[in-house]
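Laboratory data are not the source of any read-out in this text; all were calculated from the coordinates shown. Everything quoted here is computed from the prediction, not taken from an experiment. Neighbour counts are summed over all protein chains in view; Cβ atoms, including those assigned to glycine, are modelled from backbone coordinates with ideal geometry.
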Amino acid sequence: MISREQQILEWIKQNPMISQNELAKLAGITRSGVAAHISNLVKKGYIQGKGYVITPPKYVTVIGGANMDVFGVAKEPIKNQSSYPGNIYYKLGGVGRNAAVNLSKLELKTYLITALGDDRNGERIKEDALKNGVDISHSTQVSQAATSTYMYVNQPNGDRIVGIDDMAINSYLSPEYLMQQEQVINNSDLIIIDSNLPKRSIKWLYNNVQVPIFAKAVGRNKMMNLYDGMNRLDTLVINAVEATVLTKVTITDEQTARMAAERLLERSVQNVFIYIDEVGILYQSQTQAYFFQDDEKIPRNTNGAGAAAIAGLAWARVNHQDFLETAKFGVAAAYITTESYDAVNQTMALAKLTERQQQISD
């Protein structure tokens with residue numbers, strides 16, 4: 001902020017009901033000059049809208065996808081190209097949206113920067129953000145564009161067989177658009193991104209973001225969007241399939257997960273969180289590593305687990321948890337999410353996460 005903006009912000013903090021005319025008299029400038037400074041403070045994320053609501057001292061910005069998930073879960077193992085009985089669900093999703101909603105449920109102020117179409121699904125995502133307390137004032141709604149959609153099929157045990165995404169709208173999250181949000185991004189405690197973003201947008205973030213970057217890999221193809229410049233990542237959340245492709249290490253157990261993590265750490269990623277369905281979760285840095293065995297044998301829906309994990313890790317970082325406690329928060333958030341067919345478990349809450357985190361043994 002420039003000094004005049006700092007001065008105006010302090011007056012607003014002292015009296016949130018102060019008028020622009022009163023601010024103009026205090027500052028010795030015109031009312032239009034005050035309006036221009038307030039507009040800049042809103043753009044930079046220091047205040048929110050016309051009510052002079054002061055942005056809380058801690059917040060996270062999530063930049064990524066928001067979409068409608070359409071998925072089927074078979075009632076019996078799928079073995080060939082045939083029709084199988086099961087259940088079909090229509091749920092709001094998207095890694096960016098899921099992470100943002102989880103963070104909001106954990107009582108952490110969250111901005112979501114995403115792209116929405118001007119269709120019914122776009123409106124549903126806006127309604128959902130309002131309901132969950134996620135600030136989307138820095139997102140874009142694109143005229144005559146379709147909101148992102150992801151369709152997939154799962155085995156009864158939660159394993160994904162195939163997925164098809166229609167996410168062309170994410171191209172609107174361009175470097176040019178993100179540049180307009182640069183100050184609110186850099187005022188964050190940290191940011192979360194996902195690999196649904198265009199590669200050139202991720203490159204721009206790597207080059208311009210000054211706060212820690214947490215990233216969630218998404219899919220075998222798009223995860224490569226994160227590859228060039230990975231040394232800028234504070235934390236990478238990735239599943240075993242994605243990590244296998246990225247590191248050329250076939251991940252089946254704790255030992256192979258550690259080998260893959262080592263390769264990612266060699267590229268200067270500071271922290272790696274690898275989750276292996278029905279096996280366990282590894283959280284590793286250059287100096288510490290913990291593996292959490294998955295002893296749960298009940299079939300679960302794993303959609304949304306990675307987004308919840310990265311939200312748990314981010315919450316722990318903002319709240320100054322140590323390495324082991326941070327790992328447990330990520331693991332607990334992932335496990336809570338798998339208990340629901342929603343991409344975000346509606347019962348997610350800080351008290352629940354803390355209780356589950358305390359039950360996890362290392």
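Points worth noting:
- Using the Karplus relation 6.51 cos²θ - 1.76 cosθ + 1.60 with θ = phi - 60°, the per-residue 3J(HN,Hα) values for the range 204-216 come to 4, 4, 4, 7, 10, 7, 9, 10, x, 10, 9, 10, 10 Hz, with x marking Gly and Pro.
- Dipole of the chain, positive end: most advanced residue of LEU350, LEU23, VAL73 [Cβ charges, Cα centre]: LEU23
- Relative contact order (%) - the range 60-359, alpha-carbon pairs under 8 angstrom, separation at least six: 16
- The protection proxy used here, the mean number of other Cβ atoms lying within 10 Å of each residue, ranks peptides 32-44, 210-222, 13-25 as follows, highest first: 210-222, 32-44, 13-25.
- Measuring between alpha carbons in the structure, the pairs from LYS43/LYS199; LYS126/LYS222; LYS109/LYS222; LYS75/LYS203; LYS79/LYS131 lying more than 31 angstrom apart are LYS75/LYS203; LYS79/LYS131.
- Projecting the Cα atoms of GLN155, VAL95, ILE113 onto the charge dipole of the chain, computed from C-beta unit charges around the Cα centre, puts ILE113 farthest toward the positive end.
- Calculated FRET efficiency, ASN157 to LYS13, Cβ-Cβ distance, R0 = 56 Å: about 0.60 to the nearest 0.05.
- Simple spin-label estimate for VAL211 and GLN6 gives 1.9 nm between the two label positions (7 Å along the Cα-to-Cβ direction from each Cα).
- Distances between placed amide hydrogens fall under 5 Å for ALA145 paired with ASP118, all partners being 5 or more residues away or on another chain.
- Basic side chains Lys and Arg get +1 at the Cβ, acidic Asp and Glu get -1 at the Cβ, and with that the dipole of the chain about its Cα centre reaches some 880 debye.
- Relative to the longest principal axis of the Cα atoms of the chain, helix 350-359 runs at roughly 40 degrees.
- Computed from the Kirkwood radius of its Cα pairs, the Stokes-Einstein diffusion coefficient for the range 4-54 at 25 °C and 0.890 mPa s stands at 233 µm²/s.
- For the range 169-205, backbone nitrogen atoms closer than 19 Å to the point 7 Å from GLN144 Cα along Cα-to-C-beta are found at 169-173.
- Equivalent ellipsoid, the chain (semi-axes from 5 times Cα gyration tensor eigenvalues, Å): 37, 23, 19
- Under the criterion of Cα pairs below 8 Å and six or more residues apart, the relative contact order for the range 4-54 equals 38 percent.
- Shown in residue order for the range 313-321 are the 3J(HN,Hα) couplings computed by the Karplus curve 6.51 cos²θ - 1.76 cosθ + 1.60 at θ = phi - 60°: 5, 5, 4, 4, 5, 4, 9, 6, 7 Hz (x for Gly and Pro).
- Among beta bridges that DSSP assigns inside the chain, antiparallel share in %, nearest 5: 45
- The helix-based estimate of mean residue ellipticity at 222 nm for the chain, built from -39,500 (n - 2.57) per DSSP H run of four or more residues and divided by its residue count, is -11500 deg cm²/dmol to the nearest 500.
- Note on the range 88-186: with charges restricted to the Cβ of Lys and Arg (+1) and Asp and Glu (-1), its dipole about the Cα centre is near 320 debye.
- Interchain or long-range residues, amide H under 5 Å from ILE113's placed H: VAL62, ILE63, GLY64
- The GluC sites (Glu not before Pro) of the range 285-362 that DSSP puts in a loop, and whose beta carbon has at most 12 other beta carbons within 10 Å, are GLU296.
- Rounded to the nearest Hz, the phi-derived 3J(HN,Hα) couplings of the range 58-64 under the Karplus curve 6.51 cos²θ - 1.76 cosθ + 1.60 (θ = phi - 60°) are 10, 7, 10, 10, 10, 10, x, where x marks glycine and proline.
- Net length gained if the chain between ARG220 and LEU350 were fully extended (0.36 nm per residue, minus Cα distance): 43.6 nm
- Amide H partners (placed H, <5 Å) of ILE47, local residues excluded: VAL42, THR55
- Full extension of the chain between ASN87 and LYS131 yields a length gain of 13.2 nm, computed as 0.36 nm times the residue separation minus the alpha carbon distance.
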